[in-house]
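Worksheet: the structure to be examined is printed underneath.
The values are calculated or read from the model by the stated rules, or taken from the named source; none is laboratory data. Quantities reported herein were computed from a predicted structural model and do not represent experimental measurements. Positions of Cβ are backbone-derived with ideal geometry, glycine not excepted, and every protein chain shown enters the neighbour counts.
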Amino acid sequence: MACRVIAISGTPGVGKSTVAKIVSRILNAEVIDLSELVLKRHLYSDYDEKRKSYIVDEALVKKELRTLISRCGDGKEYLIVEGHYAEIVDEKDLEILVVLRIDPRELVKRLCIRGWSLEKSLENGEAEYLGICLSNALEEHPREKVCEIDVTREDPELVAKRIVDLVRSRVKCEPYIDWTISIDPRELWETATKYCARDMGKDGETRGEEKKG
């Protein structure tokens, strides 16, 4: 019997990988990191030089996931799929899809501190602000299967335990987080200019990314 999939989505930098590993340990489940899978199996159609990222071939990814899910077993009940497009999992295989949410100001700060460029930090902060991952999840799956967890001030261990509780209780989910109500979008720019200072010139203008020559 194929495993049921616990999908963990969220904007890059929100902490998906860390949480997925903890859930994996608790449930004795395998983890599929979509980004690693795409690169390892060459499941992309091209490389975007401007965005410095691969263009995922969704059809190939879905096919590969179906194969991996069908092979899952050996006493394992669940398979964890994590990535910012985890909604790609087929509906028939999905047990629950959990979207990790974070205060977009905190996300921008986190990415800047990690060394991401001002442009990419802002881009991801804006995606979180608008709830892009949640929107994508709701486009592909029933609302009752899509849960949100605000991880802004949460320990990853506690987040993982909440996901396990959601799975075991088979609760119907109801998305509820809307950052646009409580946060002024200008605060994202203010946070980026404060913490991504290395990308700012003396006059406050952003500098271009360095390129290898």
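With (1) modelled with pLDDT under 95; (2) crowded, with 16+ Cβ neighbours inside 10 Å; (3) assigned to a helix (DSSP H, G or I) as the list, and ARG168 as the residue in question, which single condition is left unmet? ARG168 satisfies all of (1) modelled with pLDDT under 95; (2) crowded, with 16+ Cβ neighbours inside 10 Å; (3) assigned to a helix (DSSP H, G or I) except (2). Picking from residues in segment 1-44 that are small (Gly, Ala, Ser) and farther than 29 Å from GLU126 by Cβ, the one that is surrounded by the fewest Cβ atoms within 10 Å (Cβ to Cβ) is ALA2. For segment 2-33, filtered to residues that are part of a strand (DSSP E or B) and in contact with a Ser or Thr (Cβ under 8 Å, 6 or more places away or on another chain), the residue that is farthest from ILE163 (Cα to Cα) is ASP33. Quick one: GLU144 ticks every box in (1) more than 26 Å from LYS92 (Cβ to Cβ); (2) of a type in the set (D, E, K, R); (3) not in a loop (DSSP other than H, G, I, E, B) bar one, so which box is it? Among (1) more than 26 Å from LYS92 (Cβ to Cβ); (2) of a type in the set (D, E, K, R); (3) not in a loop (DSSP other than H, G, I, E, B), the lone unmet condition for GLU144 is (1). Residue-level analysis places ALA192 outside the set of residues that are modelled with pLDDT of 95 or more, under 17 Å from the mean Cα position of the chain (by Cα) and not hydroxyl-bearing (Ser, Thr, Tyr). Of the candidates GLU64, GLU36, GLU87, GLU106, the single residue that is outside any strand (DSSP E or B), at pLDDT 95 or above and more than 18 Å from the chain's Cα centre (by Cα) is GLU64.
Residue pairs whose Cβ atoms lie under 6 Å apart, separated by 6 or more positions or on different chains, with the first residue in segment 96-109 and crowded, with 24+ Cβ neighbours inside 10 Å and the second in a strand (DSSP E or B) and among the polar types (S, T, N, Q), are VAL99/SER9. Checking each residue in segment 169-191 for being closer than 20 Å to VAL99 by Cβ and without any contact (Cβ under 8 Å) to a residue 40 or more places away in the chain picks out SER169, ARG170, VAL171, LYS172, GLU174, TYR176, ILE181, SER182. Exactly one residue out of ILE96, ILE55 is touching a helix residue (DSSP H, G or I) at 6+ places or on another chain (Cβ under 7 Å) and among the hydrophobic types (A, V, I, L, M, F, W, C), and it is ILE96. Inside segment 66-95, residues that are in contact (Cβ under 8 Å) with a residue 24 or more places away in the chain and under 19 Å from GLU139 (Cα atoms) make up a count of 14.
Of all the numbered requirements in (1) in a helix (DSSP H, G or I); (2) in contact with a helix residue (DSSP H, G or I) (Cβ under 6 Å, 6 or more places away or on another chain); (3) not hydroxyl-bearing (Ser, Thr, Tyr), LEU134 misses one, and that requirement is (2). From the list GLU128, GLU123, which one is within 11 Å of THR11 (Cβ to Cβ) and free of Cβ contacts under 8 Å to residues at least 24 places away in the same chain? Residue meeting the stated conditions: GLU123. When each of ILE163, ILE132 is tested for being out of contact with any His (no Cβ under 7 Å at 6 or more places or on another chain), of a type in the set (A, V, I, L, M, F, W, C) and either more than 14 Å from ILE6 (Cα to Cα) or surrounded by fewer than 18 Cβ atoms within 10 Å (Cβ to Cβ) (or both), the lone residue that passes is ILE132.
Yes or no: segment 142-150 includes at least one residue that is of a type in the set (Asp, Glu), surrounded by 22 or more Cβ atoms within 10 Å (Cβ to Cβ) and in contact (Cβ under 8 Å) with a residue 40 or more places away in the chain. No, that holds for no residue.
Regarding ASP184, is this residue surrounded by fewer than 21 Cβ atoms within 10 Å (Cβ to Cβ), assigned to a loop (DSSP other than H, G, I, E, B) and more than 15 Å from the chain's Cα centre (by Cα)? In short, yes.
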